[in-house]
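Report on the following structure.
The values are calculated or read from the model by the stated rules, or taken from the named source; none is laboratory data. None of the values given here were measured: they were computed from a predicted structure. With ideal geometry, Cβ positions are generated from the backbone for all residues, glycine too; neighbour counts draw on all protein chains shown. Heads up: the accessible areas ignore ligands, DNA and RNA and are worked out on the full protein's heavy atoms, side chains in. Shrake-Rupley method; radii C 1.70, N 1.55, O 1.52, S 1.80 Å.
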Amino acid sequence: MKQIFTLTTVLLFSLGNQLVAQETEAQVGLVTDRPDATEAPTVVPKGSLQVETGAYTTTFEENNIEERVWGYNTTLLRYGILENLELRVGWAYQQVETKINDQEVSSLNGMSPLLFGAKVAIAKEDGWKPEIGLIGHLFLPFTASTDFKPEFTSADFRFAFNHTLGERSGIAYNIGGHYGGDSPELAYIYTFAYGYAITDKLGAYAEVYGDFPEDNSASHFWDAGPTYAIAPLVQLDATIG
């Protein structure tokens, strides 16, 4: 059993650009790629820097083995360099504790590999046609702490889609793949999220997501949570799953 809890803060620094709204957060004026696993197809406005940062904890329990992961600083920087292109840099500081029969057997901490990537806006929403974006990342082993240095350079890509269902609701979904890390196999990934704007400031979402590795069993998860705009360009959110 895997349990997840996250807290996130999102800030957008804009140089006079008109903001666009995400389908699930139209009331906020921010297009965020967190807290859910589903990435939005929309890029940040040209000349704007968006900071998405927070903390999380996950617990995995099986056969008297418990693994607890703490992420103390999970940050994604998104900068719009063109009207349809953003650059992305991300990092996380983690601590991993492993227990067997309630006895600690290992404790690791340090930086995970830095994420470098980009998002391209491909098409705008038009009737039944969804908004479409393409996202790609590289995760470089030499940037990671010793405890979290993977054997292989890893990469992922995904196509991101968005449909507006009404003035206050929408769906978003991703399909793509992830390659490398501690295994050379390709894992196919999927996400599907539904979002609803409860008020002009408060929103909520629910999501299912998972992967299909080539040589291992598939994994499937769910999560849900609220978002709250404390200012036009500042958002708080939380997730449990």
Review point. Of all residues in the stretch 45-75, which are open to solvent by less than 70 Å² (accessible area, probe 1.4 Å), of a type in the set (Ser, Thr, Tyr) and either over 29 Å from GLY133 (Cβ atoms) or part of a loop (DSSP other than H, G, I, E, B) (or both)?
Key: SER48, THR57, THR59
**Study point:** Test: GLY16 is surrounded by fewer than 22 Cβ atoms within 10 Å (Cβ to Cβ), modelled with pLDDT of 90 or more and on the phi > 0 side of the Ramachandran plot
**Key:** no
Check your understanding: Applying the selection to the stretch 178-207, what residues are buried (at least 18 other Cβ atoms within 10 Å of the Cβ) and not aromatic (Phe, Trp, Tyr)?
Key -> HIS178, GLY180, GLY181, ALA187, ILE189, THR191, ALA193, GLY195, ALA197, GLY203, GLU207
Point to revise | Cβ pairs under 8 Å, 6+ apart, first in the stretch 218-235 and closer than 26 Å to ALA187 by Cα and of a type in the set (A, V, I, L, M, F, W, C), second open to solvent by 60 Å² or more (accessible area, probe 1.4 Å) and in a strand (DSSP E or B) | key: ALA218/PHE212; PHE221/LYS2; PHE221/VAL208; TRP222/VAL208; ALA224/ILE240
Review point. Among the residues of the stretch 112-136, how many are more than 30 Å from GLU167 (Cβ to Cβ) and either in contact with a Phe, Trp or Tyr (Cβ under 7 Å, 6 or more places away or on another chain) or at pLDDT below 95 (or both)?
Key: 5
Check your understanding: Filter the stretch 169-215 for residues that are touching a residue at least 60 places away in the same chain (Cβ under 8 Å) and acidic (Asp, Glu); which is nearest to THR38 (Cα to Cα)?
Key -> GLU207
**Study point:** Exclusive hit being in a strand (DSSP E or B), within 24 Å of ASP126 (Cα to Cα) and open to solvent by 60 Å² or more (accessible area, probe 1.4 Å), set PHE212, PHE221, PHE159
**Key:** PHE159
Exercise for review: Please work out if LEU82 is open to solvent by 30 Å² or more (accessible area, probe 1.4 Å), in contact with a helix residue (DSSP H, G or I) (Cβ under 6 Å, 6 or more places away or on another chain) and among the hydrophobic types (A, V, I, L, M, F, W, C).
Suggested key: no
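So which residues in the stretch 69-90 are farther than 29 Å from LEU108 by Cβ and not polar (S, T, N, Q)?
Residues of the stretch 69-90 farther than 29 Å from LEU108 by Cβ: 79-87.
Passing the criteria: TYR79, GLY80, ILE81, LEU82, GLU83, LEU85, GLU86, LEU87.
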Point to revise | Single condition THR153 does not satisfy, out of (1) among the β-branched types (Val, Ile, Thr); (2) more than 22 Å from PRO35 (Cβ to Cβ); (3) crowded, with 16+ Cβ neighbours inside 10 Å | key: (3)
Point to revise | Lone unmet requirement of (1) under 17 Å from the mean Cα position of the chain (by Cα); (2) among the hydroxyl-bearing types (Ser, Thr, Tyr); (3) surrounded by fewer than 16 Cβ atoms within 10 Å (Cβ to Cβ) for THR143 | key: (1)
Review point. If you scan the stretch 227-240, which residues turn out to be open to solvent by less than 90 Å² (accessible area, probe 1.4 Å), touching a Phe, Trp or Tyr at 6+ places or on another chain (Cβ under 8 Å) and not acidic (Asp, Glu)?
Key: THR227, LEU233, GLN235, LEU236, ALA238, THR239
Review point. Out of all the residues in the stretch 118-132, is one or more exposed (fewer than 13 other Cβ atoms within 10 Å of the Cβ), basic (Lys, Arg) and at negative phi?
Key: yes
**Study point:** Sole residue being of a type outside the set (A, V, I, L, M, F, W, C) and closer than 17 Å to PRO35 by Cβ, chosen from GLY166, GLY241
**Key:** GLY241
